[in-house]
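First the structure, in the form of structure tokens, and then the observations on it.
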Amino acid sequence: MRVNGAVESLDVQPWVSLLDALRDRLGVTGPKKGCDQGACGACTVLADGVRINACLALAVQYDGREITTVEGLASGEELHPLQAAFIRHDGLQCGYCTPGQLCSAVAMLAEHRAGMPSAVTERSGELTEAEIRERMSGNLCRCGAYNGIVDAIRDVAAQEAR
Amino acid sequence: MKPFAYVKPADVAGAVRAVSGEPGAKFLGGGTNLVDLMREGVERPDTVVDVTGLPLDTIDELPGGGLRIGALVRNGTLTADERVRARYPVLSQALLAGASAQLRNMATVGGNLLQRTRCPYFYDHAAACNKREPGGGCDALGGLNRSHAVLGVSGSCIAAHPSDMCVALAALDAVIEVESVRGTRRIPMTGFHRLPGDTPEIETELAPDELVTAVELPSAPFAARSRYRKVRDRASYAFALVSVAAALEVRDGAVTAVRLALGGVGAKPWRAHEAERILLGGPAGEESFTRAAEAELAGADVRPGNAFKVHLARATVVATLRELNTGEGTA
Ligand SMILES: Cc1cc2nc3c(=O)[nH]c(=O)nc-3n(C[C@H](O)[C@H](O)[C@H](O)COP(=O)(O)OP(=O)(O)OC[C@H]3O[C@@H](n4cnc5c(N)ncnc54)[C@H](O)[C@@H]3O)c2cc1C
Ligand code: SF4
Ligand code: FES
Ligand code: FES
């Protein structure tokens, strides 16, 4: 598979999760193991741009796919706009959930642009606070940095709209 | 996780051959339920047959105005399909009410149909659970049963069926298309899941070697006016305590078509036939909505932890029908 643009070839047993393959085999430790059961979002990565929980994915199922983790969001030394906004708006405290939040937010903005509905709006409308909270509900933050996270995402969504 | 062999067939024939005569084989869709249960040691397959390479990921028009949804269509894709949103909004809403965006991107329609209960004792090897170990007993009967079912339960198991999607499919009279080495057959959604009886480990009519290939939605013009309501402990990302899928057509104050199904309260996705019978042809209004809900719930078998669900279900049915009747908040 390709991980953050680099081709990686590895032999894994079929029961190894994508999360463990990334962290333990490839040393890509951005995605975190929070619950290991799909309930927290700390392990969120992008598979061909689509956000998934790497803890419930078997690595073998993603053979040949393009995986992006938080390490792959910046271009060189330049932070991704969402990374910069998380810093500006204090979108983190301990930082454990942040790699998952960032990957999730990148894909969430793309889903919204593509017209994906949510439980808040059946038509993809403006990204209100309620809308962002619903669309980001798969990412928990034990430190409760939600206000900063929502502000950061709104900020980037507004920049994109300009 | 117990080690297993992994195969990824490229066509349906190869997939059904791979499980034929192999009782230890299991299909793998998005993995969001099976991988979790394998990690917990509740599921212990010898062979995992990954079906995500099969060409069953399209949504197609059926002659006569229905839709055929491939078993590998991802839950997220289904929520966004314009035809589903316009013709069967209850289905899109039910899916959007479940899990998280990440999980919906992974989960398949086939896997959602076959997902297993979230009864905490089912996951806990220290607890007695007839579903996990037949004959072992059921710790939920006298234990924590706030999340458990009140309709269709037995003395062996009171687990609630967890799926939101299935409640909408039960209301829409969906038909499940399945295939095995013996050929293809079609099972109505309302008869797809089984009540626990004294074999709670057998959850559906699907034989272990049968693959779900598609879900068919029959044409249902009145379903353009349909709604899914879910009540849960958190605003998002939690299973239903109670949910309602409903479609309602009213002409001159009388109910001319109605479909009603309940989630969170049933041992299986619960089609409310009795309530529909009372509503059809009668006046649309608070009194008849309440009477219908009460009749459906009359057979509820409650425990101390989940007795509240009867009132909550009645109120949610009435509120959903009222909303469809007055047009408030419908798309
Ligand atoms: C944290 C969390 C929260 C959740 N919240 C909700 C919620 O609020 N509402 C809700 O409805 N669901 C919820 N879910 C459950 C989720 O919807 C299911 O896990 C998902 O739909 C299963 O689909 P899958 O493709 O990942 O199935 P898999 O895990 O791949 O498979 C599940 C089962 O289906 C079988 N199977 C898969 N495909 C086929 C096929 N084509 N033919 C025959 N058998 C097949 C497998 O053998 C397995 O037994 C939640 C899950 C998690 C982890
Ligand atoms: S309710 Fe069903 S799943 Fe839960 S412990 Fe009892 S037998 Fe097991
Ligand atoms: S570690 Fe994957 S969702 Fe929590
Ligand atoms: S910043 Fe600590 S968990 Fe989110």
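Readers should treat all values here as calculations from the given coordinates under stated rules, not as data from a laboratory. Just so it is clear, the model here is predicted, and its values are computed rather than measured. With ideal geometry, Cβ positions are generated from the backbone for all residues, glycine too; neighbour counts draw on all protein chains shown.
From the alpha carbon gyration tensor of the range B:227-325, can you work out the equivalent ellipsoid semi-axes (sqrt of 5 times each eigenvalue) and give them in Å, largest to smallest? Could you put the intermediate results ahead of the total?
Details: eigenvalues 107, 43, 23 Å².
Its equivalent ellipsoid spans semi-axes of 23, 15, 11 Å.
Mind checking the alpha-carbon convex hull of the protein assembly as shown and giving the volume per residue in Å³?
Normalising the Cα hull of the protein assembly as shown by residue number yields 150 Å³.
So, counting K/R as plus one and D/E as minus one, what does the shell of residues with Cβ under 13 Å around B:V153 add up to? Provide the component values of the computation, followed by the final result.
Numbers: positive: B:K131, B:R194, B:K268, B:R303, B:K309; negative: B:D198, B:D301.
Charge balance near B:V153 sits at +3.
Eigenvalues of the Cα gyration tensor times 5, then square-rooted: what semi-axes does that give for chain B, in whole angstrom, largest first?
Details: eigenvalues 201, 126, 51 Å².
Over the Cα atoms of chain B, the semi-axes work out to 32, 25, 16 Å.
Of B:S226, B:S219, how do they rank once you tally other Cβ atoms within 10 Å and put the fewest first?
Working: B:S226 28, B:S219 12.
Result, fewest neighbours first: B:S219, B:S226.
Using Cα-Cα distances under 8 Å and only pairs 6 or more residues apart, what relative contact order does the range B:115-253 have, in percent?
Result for the range B:115-253 is 21 percent.
What spacing in nm lies between the two simple spin-label points modelled at B:A238 and B:L312, each 7 Å away from Cα in the Cβ direction?
0.8 nm
Computed FRET efficiency, Cβ-Cβ of B:K2 and B:D301, R0 45 Å: what is it to the nearest 0.05? Before the final figure, lay out the partial values.
On the way: r = 36 Å, r/R0 = 0.80.
It comes to 0.80.
Cut-off is 10 Å between beta-carbons; in what order do B:L56, B:L280 appear when sorted fewest neighbours first? Numbers along the way, then the final one.
Working: B:L56 24, B:L280 13.
Going from sparsest to densest Cβ surroundings: B:L280, B:L56.
Could you tell me the relative contact order of the range B:227-325? Use alpha-carbon pairs under 8 Å, at least six residues apart, and round to a whole percent. Let's see the in-between values first.
On the way: 165 pairs, mean separation 26.5, N = 99.
Over the range B:227-325, the number comes to 27 percent.
Subtracting the Cα-Cα distance from 0.36 nm times the residue separation, let me have the gained length for B:T58 to B:R291 in nm, one decimal. Mind showing how you got there, number by number?
Working: separation 233, 0.36 × 233 = 83.88 nm, distance 4.11 nm.
Working it through step by step, the gained length comes to 79.8 nm.
With a Cα-only, solvent-free Debye model of the range A:81-161, what are the log10 I(q)/I(0) values at q = 0.12 Å⁻¹?
So the normalised log intensities are -0.29.
Setting aside same-chain residues fewer than 8 positions from B:K268, which lysines have a Cα under 28 Å from its Cα?
Correct list for B:K268: B:K26, B:K131, B:K230, B:K309.
Select from the range A:83-162 those GluC sites (Glu not before Pro) which occupy a DSSP coil region and have at most 11 other Cβ atoms within 10 Å, ordered by residue number. Can you show the working numbers first?
Details: sites: A:E111, A:E122, A:E126, A:E129, A:E131, A:E134, A:E160; in loops: A:E122, A:E126.
For GluC sites (Glu not before Pro) across the range A:83-162 that sit outside H, G, I, E and B with at most 11 neighbouring Cβ atoms in 10 Å, the list reads A:E126.
What number in nm² do you get for the range B:83-188 if you take the convex hull of its Cα atoms and divide its surface by four?
Details: hull surface 36.8 nm².
Its Cα hull, projected and averaged over all orientations, spans 9.2 nm².
What is the Cα coordinate range of the range A:2-72 on the first, second and third principal axes, sorted by size from largest, in whole angstrom?
Taking the Cα atoms of the range A:2-72, the three principal extents are 29, 25, 20 Å.
Pop the C-beta distance of B:R83 and A:C35 into the FRET formula with R0 = 35 Å and round what comes out to the nearest 0.05. Each step should come with its number before you reach the end.
Working: r = 36 Å, r/R0 = 1.02.
Calculated transfer efficiency: 0.50.
Would you mind giving the mean number of other chain beta-carbons within 10 Å of the Cβ of each residue in B:27-36, as a whole number? It would help to have the intermediate numbers written out before the result.
Values: counts 0, 4, 1, 5, 10, 7, 2, 2, 11, 7.
For this peptide, the per-residue mean of nearby foreign Cβ atoms is 5.
Over chain B, calculate the relative contact order: mean separation of alpha carbon pairs under 8 Å at least 6 apart, over the residue count, as a percent.
Here the relative contact order equals 17 percent.
Residue by residue through B:14-26, how many Cβ atoms from other chains fall within 10 Å of the Cβ on average? Before the final figure, lay out the partial values.
Values: counts 0, 0, 0, 0, 0, 0, 0, 0, 0, 0, 0, 0, 0.
Per residue, the number of nearby Cβ atoms from other chains is 0 on average.
Under the rule a/c < 1.5 gives rounded, and otherwise a/b versus b/c splits prolate from oblate, where does the range B:5-53 land using the Cα gyration tensor? Kindly include the intermediate steps, with their values, before the conclusion.
Numbers: a/c = 2.85, a/b = 1.50, b/c = 1.90.
Oblate is the answer for the range B:5-53, as a/c is 1.5 or above yet b/c matches or exceeds a/b.
Collect residues whose amide H, placed 1.01 Å from N in the peptide plane, falls under 5 Å from the amide H of B:A257; neighbours closer than 5 in sequence don't count.
B:E249
Per-residue Cβ counts within 10 Å, from other chains only, averaged over B:90-103: what number is that? Please report the intermediate quantities before stating the final value.
Details: counts 0, 0, 3, 3, 0, 2, 8, 1, 1, 5, 15, 17, 18, 8.
Per residue, the average neighbour count from other chains is 6.
Could you run the Karplus curve 6.51 cos²θ - 1.76 cosθ + 1.60 with θ = phi - 60° over the range B:90-95 and give me ³J(HN,Hα) per residue in whole Hz, x for Gly and Pro?
Each residue's phi maps through the Karplus curve to give 4, 6, 4, 5, 4, 5 Hz.
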